[in-house]
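K.L.:
Take this structure, written in C-alpha cells, and hold onto it; I'll ask about it next.
The values are calculated or read from the model by the stated rules, or taken from the named source; none is laboratory data. In this text the structure is predicted, and so the values were computed from the model without any measurement. For neighbour counting, all protein chains shown are included, and Cβ atoms are generated from backbone atoms with ideal geometry for every residue, glycine included.
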Amino acid sequence: MTNNDTSKSVFVAAIFAALAIYPFTGSEFGTDLVTTTMVFAIFALSLELLVGGTGLVCFGQAAFFGIGAYSAVLLSPQYDPGSVAILLPAAVLTAALYALFVGALSLRTKGVYFIMVTLAFAQMAYFVVHDTSLGGGTDGIYMTVKPTLGAIDLGDTQALYWVTYVLLIAVFVFLAVLSRSRFGRALAGIRVNEQRMRATGFSTYPYKLAAFTISGAIAGLGGFLFAVKDGAVNPELMSWHLSGSVLVMIILGGIGHLRGALIGAFAFVLLEELFKSEAIFGEFSKHWHLGLGMTIIASVALLPRGLVGLPGQWGQHLLGRATRRAEDMEVQNAKA
Amino acid sequence: MAPTDPILDARNIHAWYGSSHVLHGIDLKIARGETVGLLGRNGMGKSTLIRTLLGHVTQRDGQIHLFGHDVSKSKPHEVARRGVAYVPEGRGVFPNLTVRENLIMAARPSREASRGWSYERVLETFPRLTERLTNLGSQLSGGEQQMVSIGRALMTQPDLVILDEATEGLAPLIVNEIWNVIGDIRDSGIATLIVDRDFRRVLEHSDNALVLQKGLVELAGPASKVADDPALSGLLGV
C-alpha cells in the first residue's frame, strides 16, 4: 500500500469514525439530518459505480431510488410493522429488476443518447406513480408503521441512524472490493476505452449490464432507507430533479472516487441546509436554490477534480509558490 | 483445418466509413508462424484493413476466416478470443490501471505451458516493467507504455499478433528494443501482421508483404521481392 492509499484509507476511516461519534453529541434534528445525508451517500455511491467506475452517465438514477422507496411502502403491512428482512431485499430486488430491464435496452446506446434513454425510462416510472392510483398519485403514500428488524424498531431515530450507518459502510466496502476485483478493473477499462477492451477479448455489454443492475440495487437500498426515515413517498423521488441532484453530488465530491461520492453527498445536503437557513440568510433563504446553484457552479469551476482533489490542488499551489520564491531569490542573488 | 492452411484467410474485403468506400476488395492470407508486413502511405487503408479484420468496422463485406471459422460478422471480442491480439496505434495501455493490472487483465491460460507467455516471461522480456508494476499506465513513458501494450497482447496467448505502428514516436533505443521483441515473437512461432512507417525494417522482419494503394493491394509477395520492386518507392512516396 502506497502513502497515498494509506492517507485515503485514513481519511475514509476518519469520516466513519466521526459518524460513529455524532449521535452521542448531536441533537435529534442533527441525527435525523445526518441519517438523510447517509442515505444520499448510499444513493451517490450507486451512481458513482456507473459514472466514475464505468463511464456511464445515467440521468435516471432516481427511478431506482424511487422504486426502492415505493416498494418498501407498498409492501409494508398497513397496521403492523413490516419485517426489514423481507422489505429490504424486496425493495433492492425490485429496483435491481427495473435496472436490469432499463440497462438491457439503454446500454445499446452511447453518449448523449444513453443519457436521454435513461432519463426517458426514469420519467416513465415517474408518470406511472404520478398518474395512476398505484402509488397514490401526486400525494404519494404513507408508511403508517415503521418496519422492525428483530427487536430493533426503525421508527426510532437512533436505531435508524445505526442501521443506515452500517449499511453505508457495507455499501462502501462492497464497492471498494468490487473496484479492486477483476470485474472492477474491467469496468475501469471500459470507462477509458471500450473498443480497446473488446479488442482485448472482453464482451463489454454483460459487464456494463451487471454494473447497471448492481447500481440500481444499491440505489433501491437507499430508497428503502429514505422511505423508512420519512415514512412517506411521493413521485418527486423519481423525478429528474433528484437524478440531477445525485449527479451533482458526485461531481461536487469528485468523480472516480468512492470517497468523492461520500463527501459530495454530505457537502450537497449541508449546503442545501445552509442556504435554507433563515437565521443566516433571512429573506434570501426563500431563494436557496439560487445560492446552492451558484456555489455548485463555483465549485465545479474552481475544483475541477471535486472536493477530493482539493488537497492536491493546494499542494500544487504551495509548491508553485515555493518554486517561484526560490527562483526570485536566485535572481536576486545573481544580481547581488 | 490442415496444419498448412492459413490461420487467417481474408477474401475480397470491402469496408466503408459512412458513404466513403475505403477498402475495395482486399485478399490477405497469413500462415501459422508467418510474419506479414502491411505497407502503404497514410490514408491508403492499412488501419482500416486491420480494424475490419478485428471486427471494429461494421460496414464491411467479404469473407474472413480464422482457423477455419467464419468471423466475417463476428464482434471484436469474439475475434480476440479466437487468438488474435491487437497492439493498437498510439499505445494501448489503460491509463487508470497499474502496469500489473494492465498485464493480467486479459491473461488467458496457455495451451502449451512451456511456450506460453506467462506474466513472468513478459517481465523477463521487458525487465524495465518490473520496477514499474505498481505505477499507473498514465505514469509510464511512451516506450514503457508500448511494452505494456505488447506484453498484454502476448498474455492472451495469441496465435496472431497485429502490431499497428508499434514504434511510432519512440526514442531510437526503444525502437530497437521493440523490434527485437517483434523478432522474439516471430521466433516463438506466433504469426504477426506488422504496420510500421519504417518500411525497411518491416520488410526485413517479414516473410511476405503487401502494399496498399487507395484501398487496393498494388504489390504483394515475398518480402525480399517486394523490397526489390522498383514500384515500391513510388507507392510509399519515398
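K.L.:
Residues of the stretch A:130-163 being closer than 12 Å to A:ASN234 by Cα and either of a type in the set (D, E, K, R) or part of a helix (DSSP H, G or I) (or both), which ones?
P.N.:
Across the stretch A:130-163, the qualifying residues are A:HIS130, A:ASP131, A:GLY137, A:THR138, A:ASP139.
K.L.:
Identify the single condition in (1) among the basic types (Lys, Arg); (2) without any contact (Cβ under 8 Å) to a residue 12 or more places away in the chain; (3) surrounded by 15 or more Cβ atoms within 10 Å (Cβ to Cβ) that A:LYS276 does not satisfy, given that it satisfies every other one.
P.N.:
Of everything listed in (1) among the basic types (Lys, Arg); (2) without any contact (Cβ under 8 Å) to a residue 12 or more places away in the chain; (3) surrounded by 15 or more Cβ atoms within 10 Å (Cβ to Cβ), A:LYS276 misses just condition (2).
K.L.:
While we're looking at this one, here's another question. Mind checking which residues of the stretch B:169-189 are closer than 24 Å to B:ARG32 by Cα and polar (S, T, N, Q)?
P.N.:
B:ASN180, B:SER188
K.L.:
Out of curiosity, is A:SER71 assigned by TED's automatic domain parsing to the domain that holds A:SER181, in contact with a Pro (Cβ under 8 Å, 6 or more places away or on another chain), among the small types (Gly, Ala, Ser) and in contact (Cβ under 8 Å) with a residue 12 or more places away in the chain? Steps first, please.
P.N.:
On the way: assigned by TED's automatic domain parsing to the domain that holds A:SER181: yes; in contact with a Pro (Cβ under 8 Å, 6 or more places away or on another chain): no; among the small types (Gly, Ala, Ser): yes; in contact (Cβ under 8 Å) with a residue 12 or more places away in the chain: yes.
So A:SER71 fails the test.
K.L.:
Before we move on, is A:GLY216 closer than 26 Å to A:VAL163 by Cβ, touching a residue at least 40 places away in the same chain (Cβ under 8 Å) and either in a helix (DSSP H, G or I) or of a type outside the set (Lys, Arg) (or both)?
P.N.:
yes
K.L.:
Got a sec? Which of B:SER110, B:SER19 is away from chain A (no Cβ under 14 Å), surrounded by fewer than 16 Cβ atoms within 10 Å (Cβ to Cβ), closer than 30 Å to B:ARG132 by Cα and out of contact with any Lys or Arg (no Cβ under 6 Å at 6 or more places or on another chain)? Break it down into steps so the answer makes sense when it comes.
P.N.:
On the way: B:SER19 fails: closer than 30 Å to B:ARG132 by Cα.
After ruling out the rest, the residue left standing is B:SER110.
K.L.:
What number of residues within the stretch A:138-151 satisfy the criterion of being under 18 Å from A:ALA227 (Cβ atoms) and free of Cβ contacts under 8 Å to residues at least 40 places away in the same chain? So that I can check it myself, show each step before the final result.
P.N.:
From the stretch A:138-151, those under 18 Å from A:ALA227 (Cβ atoms) are A:138-149; that's our starting set.
Subsequent filtering for residues that are free of Cβ contacts under 8 Å to residues at least 40 places away in the same chain retains none.
Of the residues in that region, 0 qualify.
K.L.:
Same structure again: Please go through the stretch B:126-169 and pick out each residue that is among the basic types (Lys, Arg) and in contact (Cβ under 8 Å) with a residue 24 or more places away in the chain.
P.N.:
Answer for the stretch B:126-169, where residues must be among the basic types (Lys, Arg) and in contact (Cβ under 8 Å) with a residue 24 or more places away in the chain: B:ARG132, B:ARG152.
K.L.:
Out of the residues in the stretch B:79-95 that are facing chain A (nearest Cβ under 10 Å) and surrounded by fewer than 17 Cβ atoms within 10 Å (Cβ to Cβ), which is farthest from the chain's Cα centre (by Cα)?
P.N.:
B:PRO95
K.L.:
Being touching a helix residue (DSSP H, G or I) at 6+ places or on another chain (Cβ under 8 Å), basic (Lys, Arg), in contact (Cβ under 8 Å) with a residue 12 or more places away in the chain and closer than 21 Å to A:ALA62 by Cβ, is that true of even one residue in the stretch A:296-311? Steps first, please.
P.N.:
The first filter runs over the stretch A:296-311 and keeps only residues touching a helix residue (DSSP H, G or I) at 6+ places or on another chain (Cβ under 8 Å), leaving A:296, A:299-300, A:303, A:305-308.
Okay, now just the ones that are also basic (Lys, Arg), so A:305.
Next cut, in contact (Cβ under 8 Å) with a residue 12 or more places away in the chain only: A:305.
Next, only the ones that are closer than 21 Å to A:ALA62 by Cβ stay: none.
Scanning the stretch A:296-311 turns up no residue that is touching a helix residue (DSSP H, G or I) at 6+ places or on another chain (Cβ under 8 Å), basic (Lys, Arg), in contact (Cβ under 8 Å) with a residue 12 or more places away in the chain and closer than 21 Å to A:ALA62 by Cβ.
K.L.:
Same structure again: Quick check: anything in the stretch A:308-321 in a helix (DSSP H, G or I) and within 19 Å of A:LEU49 (Cα to Cα)?
P.N.:
yes
K.L.:
Also, I was wondering about something else. Quick check on my filter: what residues within the stretch B:75-86 are closer than 22 Å to B:GLY215 by Cα and touching a strand residue (DSSP E or B) at 6+ places or on another chain (Cβ under 8 Å)?
P.N.:
B:TYR86
K.L.:
Something else: Residues to consider are A:PHE183, A:PHE224, A:PHE174; find the one that is more than 10 Å from every other protein chain (Cβ to nearest Cβ), buried (at least 23 other Cβ atoms within 10 Å of the Cβ), under 22 Å from the mean Cα position of the chain (by Cα) and of a type in the set (Phe, Trp, Tyr).
P.N.:
The match here is A:PHE224.
K.L.:
Continuing with the same structure: Go through the stretch A:188-209 and give me each residue that's more than 9 Å from every other protein chain (Cβ to nearest Cβ), within 19 Å of A:LEU175 (Cβ to Cβ) and charged (D, E, K, R).
P.N.:
Of everything in the stretch A:188-209, just one residue is more than 9 Å from every other protein chain (Cβ to nearest Cβ), within 19 Å of A:LEU175 (Cβ to Cβ) and charged (D, E, K, R), namely A:LYS208.
K.L.:
Consider A:LEU154 carefully, then state whether it is more than 14 Å from chain B (Cβ to nearest Cβ), crowded, with 20+ Cβ neighbours inside 10 Å and either in contact with a Leu (Cβ under 6 Å, 6 or more places away or on another chain) or more than 30 Å from A:GLY82 (Cβ to Cβ) (or both).
P.N.:
Spelling it out, A:LEU154 is indeed more than 14 Å from chain B (Cβ to nearest Cβ), crowded, with 20+ Cβ neighbours inside 10 Å and either in contact with a Leu (Cβ under 6 Å, 6 or more places away or on another chain) or more than 30 Å from A:GLY82 (Cβ to Cβ) (or both).
K.L.:
Now for a different question. Among the numbered criteria (1) more than 21 Å from B:GLY83 (Cα to Cα); (2) surrounded by fewer than 21 Cβ atoms within 10 Å (Cβ to Cβ); (3) within 14 Å of chain A (Cβ to nearest Cβ); (4) touching a helix residue (DSSP H, G or I) at 6+ places or on another chain (Cβ under 8 Å), which single criterion is violated by B:ILE174?
P.N.:
Exception for B:ILE174: condition (3).
K.L.:
Just one of the numbered conditions (1) surrounded by fewer than 24 Cβ atoms within 10 Å (Cβ to Cβ); (2) over 20 Å from the mean Cα position of the chain (by Cα) is not true of A:PRO89; which one?
P.N.:
(2)
Rundown of residues vs (1) assigned to a strand (DSSP E or B); (2) at positive phi, yes/no style:
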position	(1), (2)
B:VAL36	yes, no
B:GLY62	yes, yes
B:SER74	no, no
B:GLU78	no, no
B:ALA85	yes, no
B:PRO95	no, no
B:ARG108	no, no
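K.L.:
On the given criteria, is A:ALA219 at pLDDT 95 or above, more than 14 Å from chain B (Cβ to nearest Cβ) and in contact with a strand residue (DSSP E or B) (Cβ under 8 Å, 6 or more places away or on another chain)?
P.N.:
So A:ALA219 does not fit the description; no.
K.L.:
If I filter the stretch B:43-56 down to residues being within 16 Å of the chain's Cα centre (by Cα) and in a loop (DSSP other than H, G, I, E, B), which single residue comes out as farthest from the other protein chains (Cβ to nearest Cβ)?
P.N.:
Checked the stretch B:43-56; the qualifying residue farthest from the other protein chains (Cβ to nearest Cβ) is B:GLY45.
K.L.:
Consider A:ALA99 carefully, then state whether it is touching a helix residue (DSSP H, G or I) at 6+ places or on another chain (Cβ under 6 Å), free of Cβ contacts under 8 Å to residues at least 40 places away in the same chain and assigned to a helix (DSSP H, G or I).
P.N.:
When the stated conditions are applied, A:ALA99 does not pass them.
K.L.:
State which residue is surrounded by the fewest Cβ atoms within 10 Å (Cβ to Cβ) when the search covers only the stretch A:157-171 and only residues that are of a type in the set (A, V, I, L, M) and farther than 16 Å from A:ALA17 by Cβ.
P.N.:
Ranking the qualifying residues of the stretch A:157-171, first place goes to A:ALA170.
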